[in-house]
1. Is there any pair with a first residue in segment 108-121 that is surrounded by 15 or more Cβ atoms within 10 Å (Cβ to Cβ) and a second that is of a type in the set (Lys, Arg) and assigned to a strand (DSSP E or B) whose Cβ atoms are under 9 Å apart and which are 6 or more apart or on different chains, and what are they?
2. Would you pick out the residues in segment 51-68 that are in contact (Cβ under 8 Å) with a residue 12 or more places away in the chain, surrounded by fewer than 16 Cβ atoms within 10 Å (Cβ to Cβ) and not in a helix (DSSP H, G or I)?
3. Within segment 28-42, is there a residue that is over 25 Å from Thr129 (Cβ atoms) and at pLDDT below 95?
4. Among the charged types (D, E, K, R), under 17 Å from the mean Cα position of the chain (by Cα) and closer than 26 Å to Met34 by Cβ: does that describe Glu80?
5. For the subset of segment 103-126 comprising residues that are of a type in the set (Val, Ile, Thr) and closer than 23 Å to Glu52 by Cβ, which member is nearest to the chain's Cα centre (by Cα)?
6. Somewhere in segment 101-112, is a residue touching a Gly at 6+ places or on another chain (Cβ under 7 Å) and at pLDDT 95 or above?
7. All but one of (1) at pLDDT below 95; (2) among the small types (Gly, Ala, Ser); (3) in a helix (DSSP H, G or I) hold for Ala128; state the number of the condition that does not hold.
8. Scan segment 83-102 residue by residue and report those that are within 19 Å of the chain's Cα centre (by Cα) and hydroxyl-bearing (Ser, Thr, Tyr).
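The values are calculated or read from the model by the stated rules, or taken from the named source; none is laboratory data. Here the structure is a predicted model, which is why all the values come from computation and not from measurement. Every residue, glycine among them, receives a Cβ derived from its backbone with ideal geometry; neighbour counts consider all protein chains shown.
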Amino acid sequence: MDSLADPFAVAEPARNDDAMGGLIDAVEHEFATMFVNARNSIRARAVAIHPELPPMGFKVLTILSRSGARQQGCLAEEMEVDKAMMSRTIKQLEGLGLVHRSIDPSDGRALLVAMTDEARTRFDATLATARGVLHDRLAEWDPGEVRRFTDLLAKLNESTI
């Protein structure tokens, strides 16, 4: 089938090797398992922060935890959502007591969004727990395995778009 004629056609692998195909299938399966586990971990972290915290709200808190207060418009751009959606999300987070808005002193027309102290405390606690789980799992490995795993992840990440 011509992949130009059908944009949903799956391209044949460059190397038609059954053994390699099976290995790649196994990698794909493990990635799928990892993504499901990560999504479940994020849901659990969100619930630990607040039982009504939606996934998009968790993403906003993640950005704010890394960057500090941000303009609401910048958050919308970074998350690639429209400003109205971001405004509704921030209003919901504000109602849950997880963020507060204030006028940006450098631009009186813009609003700054920041995590509340309670949200910061809860977010940091869930992050420490998640990091602890990863540390505990990798601590059972030999240092060489951890180094190799890091190198392989870096190699994979280099080739992503």
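1. Note: pairs meeting the criteria are Leu111/Arg101; Leu112/Arg70; Leu112/Arg101; Val113/Arg70; Val113/Arg101; Ala114/Arg70; Ala114/Arg101.
2. Result: Glu52, Pro54, Gly68.
3. If we filter segment 28-42 for residues that are over 25 Å from Thr129 (Cβ atoms), which is where we start, we get 28-29.
Keeping just the survivors that are at pLDDT below 95 gives 28-29.
Yes, that holds for at least one residue.
4. Details: among the charged types (D, E, K, R): yes; under 17 Å from the mean Cα position of the chain (by Cα): yes; closer than 26 Å to Met34 by Cβ: yes.
Spelling it out, Glu80 is indeed among the charged types (D, E, K, R), under 17 Å from the mean Cα position of the chain (by Cα) and closer than 26 Å to Met34 by Cβ.
5. To start, the set of residues in segment 103-126 that are of a type in the set (Val, Ile, Thr) comprises 103, 113, 116, 121, 126.
So of that shortlist, the ones also closer than 23 Å to Glu52 by Cβ come out as 113, 116, 121, 126.
Working: Val113: 19, Thr116: 21, Thr121: 19, Thr126: 14 Å.
The extreme case among them is Thr126.
6. Restricting attention to segment 101-112, the residues satisfying the condition of being touching a Gly at 6+ places or on another chain (Cβ under 7 Å) are 110.
Now restrict to residues that are at pLDDT 95 or above: none.
Scanning segment 101-112, I find no residue that is touching a Gly at 6+ places or on another chain (Cβ under 7 Å) and at pLDDT 95 or above, so the answer is no.
7. Here Ala128 clears every test but (1).
8. Matches in segment 83-102: Thr89 only.
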